[in-house]
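The values are calculated or read from the model by the stated rules, or taken from the named source; none is laboratory data. These numbers come from a predicted model, not from an experiment. No Cβ is skipped: glycine too gets one built from the backbone with ideal geometry, and neighbour counts run over all protein chains shown. SASA here: full protein model, heavy atoms, side chains in, ligands and nucleic acids out. Shrake-Rupley method; radii C 1.70, N 1.55, O 1.52, S 1.80 Å.
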Amino acid sequence: MSHLRIVLSGLRLPKDLAGLKEIFAPEEPDFIVVSGADSQEIKQAVMNADCLVCGTTEITAEIIQAGERLRLIQKAGLRYENIDLEAAKKAGVPVCVARKLGRIQIAEHAFALMLALYRRILPAHEAVIQCDYEKRGIQPIVTDQTRFLSNWVGYSGITTLFGQTLGVLGLGEIGTEVALHGKAFGMNVIYHQRRRIDPRAEKELGAAYVGFEELLRRADLLVLCVPQTAQTEGMIGARQLSLMKPTSMLVNVAKGALLDEEALAQALERGQIAGAGLDVFRQEPLPRGNPLLDAKDVVLTPHLAMGEAAGGNVGDEMKLVLANVVRLARGLELEG
């Protein structure tokens, strides 16, 4: 199909859209970019459009009804609360969701921190490169299928993520991606935020809504995914940490200011919690003298979760979001 008209609303886009057009080759789509959230502007844009691709822009029944040619509403993200699904169904317009690379990267980094903590990766690495076997009076052997030295460092408490309770604080787009990863690992997912999500989305994620303090008490691994606001700044302090299990661990891939770093260092020292994995801090880079630098059972990374550049590769991310639009152009079955 030539000259497919695609409205792009409320999205982070690359400066040059030529790379996005290439994925439709040999067709040549027309992109109509709506930068703001003005409903009248979006309504005007969709009047002659085949597809509407949106982020968190509110897609009302009025907008959907204006798109008499609309054949697809594609959400850049995993949830569709901002889209009037009943109006779309009435109009016969399919609504699909798409994962975003930046959020996948953050979720993967959260799990990298979890696994590093659970499998004791950092001290194990040091034990290998420092040849700690010599201190233990162990002699290297030639290994084969049945002869090897398993856990020669003698670490205890190494376990799996499978079966653990993953507590997600803030089930927005990033928290949803973390929950999806937790489900894939066979974890029991619970979450808390100000508003409970749609029950259908809960069912898809296998996630159960709980109160804030219940989240703290039940989570084996607590992942912070809320944005920094006046209400969330410092929301995890000494009292909140005291409610967590001594076997639990905390991971922060959101904002450093959510967490009282000194209280966390003290909680780790006292054994109130078992470990912490942090990619974000109140001050970045983490300055000398910060108590976390001397804390035990921590894994600290220099804000790597978003990859090589803040915001990730926007072009690649949009190609992932537009994959369904390409399928539509080629007469293929939609996904998501």
- Task: Could you check residue 142 against (1) hydrophobic (A, V, I, L, M, F, W, C); (2) surrounded by 11 or more Cβ atoms within 10 Å (Cβ to Cβ); (3) free of Cβ contacts under 8 Å to residues at least 40 places away in the same chain and say which number it fails?
- Result: (2)
- Query: Looking at the range 301-312, is at least one residue outside any loop (DSSP other than H, G, I, E, B), open to solvent by 70 Å² or more (accessible area, probe 1.4 Å) and either farther than 20 Å from residue 115 by Cα or in contact (Cβ under 8 Å) with a residue 60 or more places away in the chain (or both)?
  - Reply: no
- Here is a list of conditions, (1) at pLDDT 95 or above; (2) assigned to a helix (DSSP H, G or I); (3) surrounded by 15 or more Cβ atoms within 10 Å (Cβ to Cβ), and residue 324 meets all of them except one; can you say which number that is? (1)
- Restricted to the range 235-248 and to residues being open to solvent by 40 Å² or more (accessible area, probe 1.4 Å) and not aliphatic (A, V, I, L, M), the residue farthest from residue 118 (Cα to Cα) is 239
- Of all residues in the range 76-105, count the ones that are at pLDDT 95 or above and within 18 Å of the chain's Cα centre (by Cα). 0
- Message: Looking at 168, 189, 178 in this structure, which one is buried (at least 21 other Cβ atoms within 10 Å of the Cβ) and over 15 Å from residue 226 (Cβ atoms)?
- Response: 189
- Task: Name every residue in the range 15-30 that is under 17 Å from residue 69 (Cα atoms) and surrounded by 15 or more Cβ atoms within 10 Å (Cβ to Cβ), in order of residue number.
- Result: 29
- Message: With the requirement that a residue be in contact (Cβ under 8 Å) with a residue 60 or more places away in the chain and either of a type in the set (A, V, I, L, M) or crowded, with 17+ Cβ neighbours inside 10 Å (or both), what does the range 192-201 give you?
- Response: 197, 201
- Message: Let me spell it out: the conditions are (1) open to solvent by less than 30 Å² (accessible area, probe 1.4 Å); (2) touching a helix residue (DSSP H, G or I) at 6+ places or on another chain (Cβ under 7 Å); (3) of a type in the set (S, T, N, Q), and residue 82 meets all of them except one. Which number is the exception?
- Response: (2)
- Task: Return the total of residues in the range 85-134 being polar (S, T, N, Q) and either in contact with a strand residue (DSSP E or B) (Cβ under 8 Å, 6 or more places away or on another chain) or farther than 22 Å from residue 319 by Cβ (or both).
- Result: 1
- Output the residues belonging to the range 202-233 that are touching a helix residue (DSSP H, G or I) at 6+ places or on another chain (Cβ under 8 Å), open to solvent by less than 40 Å² (accessible area, probe 1.4 Å) and either of a type outside the set (A, V, I, L, M) or in a strand (DSSP E or B) (or both). 207, 221, 222, 223, 224, 225, 232
- Message: Residue under question is residue 69, and the condition is that it be of a type in the set (Lys, Arg) and more than 30 Å from residue 15 (Cβ to Cβ); does it hold?
- Response: no
- Query: Taking the range 130-170, which residues are under 30 Å from residue 273 (Cα atoms), among the aliphatic types (A, V, I, L, M) and part of a loop (DSSP other than H, G, I, E, B)?
  - Reply: 153, 158, 161
- Filter result for residue 119 (modelled with pLDDT under 95 and not aliphatic (A, V, I, L, M)): no
- Message: Which count do you get for residues in the range 254-291 that are part of a loop (DSSP other than H, G, I, E, B), open to solvent by less than 10 Å² (accessible area, probe 1.4 Å) and touching a Leu at 6+ places or on another chain (Cβ under 8 Å)?
- Response: 2
